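I have placed the structure first, in the form of structure tokens, so that the comments after it can refer back to it.
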Amino acid sequence: MSDPRNIKDQVKKLLDSDQRYQAVRLIQTTYGVSEADAEKLLSTLDQDEPQQPVNQSTAQGCGGCFSGFLKIGSILIGLLGLLFLAATAFFYYFYEDFKKDAVPVRGIVADTVYAAQVTPTDTTREVYLVFEYEVADSVYSYQTVTTYPEFEYQVHDSVDLLMNGNDPTYATLAADDVMEDFYLIFGIAGAVCLFIAGVLWFLGRAANSKQT
């Protein structure tokens with residue numbers, strides 16, 4: 001028996017014109033079947049009719065994937081933003097707690113240690129500072145973990161330091177604003193990530209609502 005879809009368009013036109021009997025007769029004539037079999041074939045054609053909505057559903061599925069990607073992206077970026085904000089809170093707590101118990105001392109820049117150049121074309125070298133300071137008749141030395149421009153501090157320069165009250169081997173420049181820079185950089189990065197996450201989530205919701 002031939003595929004009934006060969007006459008699908010003709011049958012559809014007859015059905016749209018409320019000519020069901022003529023549609024049954026067309027199927028009988030085309031395929032040489034009984035009226036009962038023609039009715040069954042016509043029912044099959046009726047069931048196969050919603051082909052276009054199925055294709056639309058497939059397209060909606062792709063749109064759903066797109067909205068899903070947007071939502072997943074928003075979640076990941078949002079988590080990154082929260083991580084940045086958590087780092088900001090950590091640095092703030094660490095530095096403020098350090099300053100609360102820090103002891104001001106006077107020291108000197110005993111030496112400078114060149115840091116590795118990021119690129120060979122760097123015109124300004126960065127250095128680590130080595131401090132020496134005296135506490136309770138003992139002399140301590142500490143090398144910074146952050147770098148400074150080569151000529152910002154010179155050997156034998158006198159500097160104000162903040163020393164860890166519980167560990168005199170650790171000290172930092174009293175005027176050092178590195179931690180404040182961390183607050184600013186990580187705080188802005190966290191806020192930007194959360195903003196982008198919110199935009200992606202909104203776009204994902206919008207894309208999903210269009211499919212429904």
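Descriptive notes on the structure:
- For C65 and Q10, a Förster radius of 45 Å and the Cβ-Cβ distance give a FRET efficiency of 0.75, rounded to the nearest 0.05.
- Prolate/oblate/rounded call for the range 69-157, Cα gyration tensor, a/c under 1.5 rounded: oblate
- Net length gained if the chain between D111 and T169 were fully extended (0.36 nm per residue, minus Cα distance): 19.3 nm
- Charge dipole (the range 57-197, unit charges on Cβ, about Cα centre) - positive-most of V118, F91, A189: A189
- Computing Rg and the Kirkwood Rh from the Cα coordinates of the range 109-149 gives a ratio, Rg/Rh, of 1.15.
- Estimated dipole of the range 103-163 in Debye, rounded to 20 [Cβ of Lys and Arg +1, of Asp and Glu -1, Cα centre]: 100 debye
- Subtracting the Cα-Cα distance of T121 and E152 from 0.36 nm times their residue separation leaves 9.2 nm of extension gain.
Rule-based calculations on the coordinates, nothing more; no lab input. Quick caveat: nothing in here was measured; it's all calculated off a predicted structure. Glycine also receives a Cβ, built like all others from the backbone with ideal geometry; neighbour counts cover every protein chain displayed.
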